[in-house]
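Asks: Below is a structure I'd like to ask you about.
The values are calculated or read from the model by the stated rules, or taken from the named source; none is laboratory data. A quick note: this is a predicted structure, and the numbers were derived from the prediction, not measured. Don't worry about glycine lacking a Cβ; one is built from the backbone with ideal geometry, like all the others, and counts go over all protein chains shown.
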Amino acid sequence: MSAKKIRVDLGRRSYDIVVCRNGIKRLGALIKRLRLGTDAVIITNPAIKRLYGGKVKASLASAGFNTRFEIVPDGEKAKSERHCIRLLNNISKFDNSRRRIFIIALGGGVIGDLSGFIASIYRRGIPYVQAPTTLLSQVDSAIGGKVAIDLAVGKNLAGSFYQPRLVFSDVALLKSLPRKELISGLAEVAKYGVIKSQGLFSYLEKNSNKIFKRDKNALQYIVYTCSGIKARVVEKDEYDNKNIRVILNLGHTIGHAIETAAQYKKSYSHGQAIALGMLCASFIAKELNLFKGRDHAKIKALIKKLGLPTKLMALKASDIYKAHEHDKKFIHGKNRFVLPVKIGKAIVKEGIPKALVKESIMSIYK
Ligand code: GLY
């Protein structure tokens, strides 16, 4: 399978997602066709720059672009007001009347969110390209234009919807991804299977070995399939206000509560928390007779196969419930859950009884 392309159809804000294997060489030429500008500001972190900075720069230079790297530290701390303002000032010093600047986000979700947010506010908006380097960002955060930084009181509190001009996902970059991060991304991949694709779900059941061996065909298949699903959802509900895009939040209601409760211990990655949250949602659906017990067991088995936890340890159930009640996903005081109704289909349901939510949390201690 050579490079594959998915169009995200959003009228004037439409763009392509290119899913390739070992295609960095072509990045410069692809961007050239889009006429985004003359000068690329590549936002990345030291580790990614060391691994891929040279290749990206060479590809852009051969297409005639000037390049400049802006480096942020690794991890969530890069999504801060401090780094955002620092980068805006650096970009403004680099900017002059002869240049037409655009941004390339070369990194995972943190770099994508920060870079997209900077692109959305610098000169009231300049173009940007997402070049995601983690599985999680290739299948989810690089697509759909949700960009943000964190504020002192909470994550993603300053943000906007601002679509990239290209998403360039090269699965060859996933070769250097630490196993823990690959597994974290697989939780989101499994999520797409549960909400939209029985075929993807069965593929994951049968091909986890290939994925762990970083087989490029397997990685390209899952990134391409998930990107297509996300693109179709975003097209129907770009601004997340039509009760459609919310389907992507399967597992995120309790998953976020686990992340919040675990915040200071850093004991759960995003994917691990989402996997456990998915099990809670699946349990609730089963108890409401919306979902077969047999399918609940299949989800649990897949999560295990993908190296994700099926049991919660080291956290108090009461802390998770408290974090859940403070979650922004409460609408008019009612909680809101995405619930599977079969493998490949999910619905959104509000006002799940407190006792059942608590029971679902207890179910992941067993
Ligand atoms: N990550 C969920 C969304 O983009 O809506």
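Asks: Whether any residue in the range 174-183 is in contact (Cβ under 8 Å) with a residue 24 or more places away in the chain and not in a helix (DSSP H, G or I) is what I want to check.
Replies: The first filter runs over the range 174-183 and keeps only residues in contact (Cβ under 8 Å) with a residue 24 or more places away in the chain, leaving 174-177, 179-183.
Restricting the remaining residues to those that are not in a helix (DSSP H, G or I) gives 177.
Yes: the range 174-183 contains one or more residues that are in contact (Cβ under 8 Å) with a residue 24 or more places away in the chain and not in a helix (DSSP H, G or I).
Asks: Shifting gears a bit: Can you find, within the range 154-194, the residue that is nearest to Ile121 (Cα to Cα) among those that are among the aromatic types (Phe, Trp, Tyr) and crowded, with 21+ Cβ neighbours inside 10 Å?
Replies: Of all residues in the range 154-194, those among the aromatic types (Phe, Trp, Tyr) come to 161-162, 168, 192.
Narrowing further to those that are crowded, with 21+ Cβ neighbours inside 10 Å: 168, 192.
Values: Phe168: 22, Tyr192: 31 Å.
Among those residues, the one meeting the criterion is Phe168.
Asks: Residue pairs, Cβ under 9 Å, 6 or more apart or interchain, first in the range 304-319 and more than 11 Å from Ile258 (Cβ to Cβ), second acidic (Asp, Glu). List them.
Replies: Lys305/Glu205
Asks: For the range 199-208, does any single residue satisfy the condition of being closer than 28 Å to Arg336 by Cβ and either within 13 Å of the ligand (Cβ to nearest atom) or touching a Lys or Arg at 6+ places or on another chain (Cβ under 7 Å) (or both)?
Replies: Looking through the range 199-208, none of the residues is closer than 28 Å to Arg336 by Cβ and either within 13 Å of the ligand (Cβ to nearest atom) or touching a Lys or Arg at 6+ places or on another chain (Cβ under 7 Å) (or both).
Asks: Go through (1) buried (at least 20 other Cβ atoms within 10 Å of the Cβ); (2) touching a helix residue (DSSP H, G or I) at 6+ places or on another chain (Cβ under 9 Å) one by one and return the number of the condition Leu10 breaks.
Replies: Every condition holds for Leu10 apart from (1).
Asks: Also, quick follow-up: Is there a residue being over 24 Å from Leu182 (Cβ atoms) and surrounded by 14 or more Cβ atoms within 10 Å (Cβ to Cβ) anywhere in the range 306-318?
Replies: At the first step, the residues of the range 306-318 found to be over 24 Å from Leu182 (Cβ atoms) are 316-318.
Cutting the leftovers down to surrounded by 14 or more Cβ atoms within 10 Å (Cβ to Cβ) gives us 317.
Yes, because at least one residue in the range 306-318 is over 24 Å from Leu182 (Cβ atoms) and surrounded by 14 or more Cβ atoms within 10 Å (Cβ to Cβ).
Asks: Next question, about the same structure. Quick check on the range 116-127: of everything there that is touching a Gly at 6+ places or on another chain (Cβ under 8 Å) and within 16 Å of the ligand (Cβ to nearest atom), which residue is nearest to Leu200 (Cα to Cα)? Before the answer, list the steps.
Replies: So the first thing to find is which residues in the range 116-127 are touching a Gly at 6+ places or on another chain (Cβ under 8 Å), and the list is 116-117, 119, 126-127.
Narrowing the set further to residues that are within 16 Å of the ligand (Cβ to nearest atom) leaves 116-117.
Details: Gly116: 29, Phe117: 32 Å.
Result: Gly116.
Asks: If you don't mind, there's one more thing I want to ask. Looking only at residues in the range 133-153 that are within 13 Å of the ligand (Cβ to nearest atom) and in a strand (DSSP E or B), which one is surrounded by the fewest Cβ atoms within 10 Å (Cβ to Cβ)?
Replies: Taking the range 133-153 as the starting set, the residues that turn out to be within 13 Å of the ligand (Cβ to nearest atom) are 136-148.
Still in the list and also in a strand (DSSP E or B): 146-148.
On the way: Lys146: 22, Val147: 27, Ala148: 19.
The qualifying residue surrounded by the fewest Cβ atoms within 10 Å (Cβ to Cβ) is Ala148.
Asks: Which residues, taken from the range 239-250, are buried (at least 20 other Cβ atoms within 10 Å of the Cβ) and either more than 10 Å from the ligand (Cβ to nearest atom) or not in a helix (DSSP H, G or I) (or both)?
Replies: Passing the criteria: only Leu250.
Asks: When you check Lys196 against the structure, is it in contact with an Asp or Glu (Cβ under 8 Å, 6 or more places away or on another chain), within 16 Å of the ligand (Cβ to nearest atom) and in contact (Cβ under 8 Å) with a residue 60 or more places away in the chain, yes or no? Please lay out each step first, then the result.
Replies: Numbers: in contact with an Asp or Glu (Cβ under 8 Å, 6 or more places away or on another chain): no; within 16 Å of the ligand (Cβ to nearest atom): yes; in contact (Cβ under 8 Å) with a residue 60 or more places away in the chain: yes.
Criteria not met by Lys196.
Asks: A follow-up question, please. Given the options Ala346, Ala317, name the one that is closer than 13 Å to Ala285 by Cα and among the small types (Gly, Ala, Ser).
Replies: Values: Ala317 fails: closer than 13 Å to Ala285 by Cα.
Just one listed residue meets the conditions, Ala346.
Every residue, every condition in (1) within 16 Å of the ligand (Cβ to nearest atom); (2) modelled with pLDDT under 95; (3) under 18 Å from Lys191 (Cβ atoms), yes or no:
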position: Lys236; (1), (2), (3): yes, no, yes
position: His252; (1), (2), (3): yes, yes, yes
position: Leu302; (1), (2), (3): no, no, yes
position: Asp319; (1), (2), (3): no, yes, no
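Asks: Please list, ordered by first then second residue, the pairs with beta carbon atoms under 7 Å, 6 or more apart or interchain, first in the range 234-257 and within 20 Å of Val357 (Cβ to Cβ), second near the ligand (Cβ under 10 Å from one of its atoms) and assigned to a loop (DSSP other than H, G, I, E, B).
Replies: Val246/Asp240
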